[in-house]
Amino acid sequence: MGVTSSLEVTGKEYLHTYRAALENPDGTTKLSQHERKFCSHCASYMYAWDERWADSFYPFYSCIDTSLPVIPTAQQNHMMLESKTDFILVPPGVSMENMFERFPSRSIAKWHRDHGYFVPDEIPS
């Protein structure tokens, strides 16, 4: 998770947005508020952003060019396991309490706070 005010993008002219079409119960569709940002030149997924949580964005790790702490295996969370493919493996050492078939009830912000990785402190959870 990143702080939106800290986001710097080189090559903004290539940055495009995808918003999924969601089907309503009555069969009509609406665009999701969740935005996926990608490079229109190379198709690399860059980050996700949602206006409902505008202070934060969720980068794809391959596009981060600053140093980040290495998260010990025992602290890693693995989610959406019910839909992962067989060739994606959860590393040995991840406890069952950190594996989730869908989404965990704890927010990403709370996980960062709980493990001492959260900066800055004024972003809401």
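The values are calculated or read from the model by the stated rules, or taken from the named source; none is laboratory data. Since we're looking at a predicted model, the values are computed, not measured. No Cβ is skipped: glycine too gets one built from the backbone with ideal geometry, and neighbour counts run over all protein chains shown. Keep in mind that these areas ignore ligands, DNA and RNA; they rest on the heavy atoms of the full protein, side chains included. Shrake-Rupley method; radii C 1.70, N 1.55, O 1.52, S 1.80 Å.
What the table below lists for this structure:
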{"read-out": "Amide H contacts under 5 Å for GLY2, placed H, 5+ residues apart", "value": "PHE57, TYR58"}
{"read-out": "Amide proton proximity set for TYR47, modelled H, under 5 Å, gap of 5+", "value": "LYS37, PHE60"}
{"read-out": "Hits among lysines - C-alpha to C-alpha of LYS84 under 26 Å, sequence gap 8 or more where chains match", "value": "LYS37, LYS110"}
{"read-out": "Segment 1-116 - Rg over Rh from alpha carbon coordinates, Kirkwood radius", "value": "0.99"}
{"read-out": "Pairwise centroid distance, computed over Cα atoms, of segment 55-109 with segment 1-50, Å", "value": "20 Å"}
{"read-out": "Å² per residue, accessible surface of the chain at 1.4 Å", "value": "76 Å²"}
{"read-out": "Neighbour-limited loop hits for trypsin sites (Lys or Arg not before Pro), segment 1-82 (at most 13 other Cβ within 10 Å; DSSP other than H, G, I, E, B)", "value": "ARG19"}
{"read-out": "Phi-based couplings in Hz for segment 80-90 (Karplus 6.51, -1.76, 1.60; Gly and Pro marked x)", "value": "6, 5, 5, 10, 6, 7, 5, 7, 8, 10, 7"}
{"read-out": "Cα-projected label distance for ARG52 with GLU23, points at 7 Å along beta-carbon direction, nm", "value": "2.0 nm"}
{"read-out": "Within the accessible area of the chain (1.4 Å probe), percent carbon and sulfur", "value": "55 percent"}
{"read-out": "Charge dipole (debye, nearest 20) of the chain; +1 at Cβ of Lys and Arg, -1 at Cβ of Asp and Glu", "value": "80 debye"}
{"read-out": "Range in the chain, longest, excluding exposed GluC sites (Glu not before Pro) [loop by DSSP; at most 16 other beta-carbon atoms within 10 Å]", "value": "9-100"}
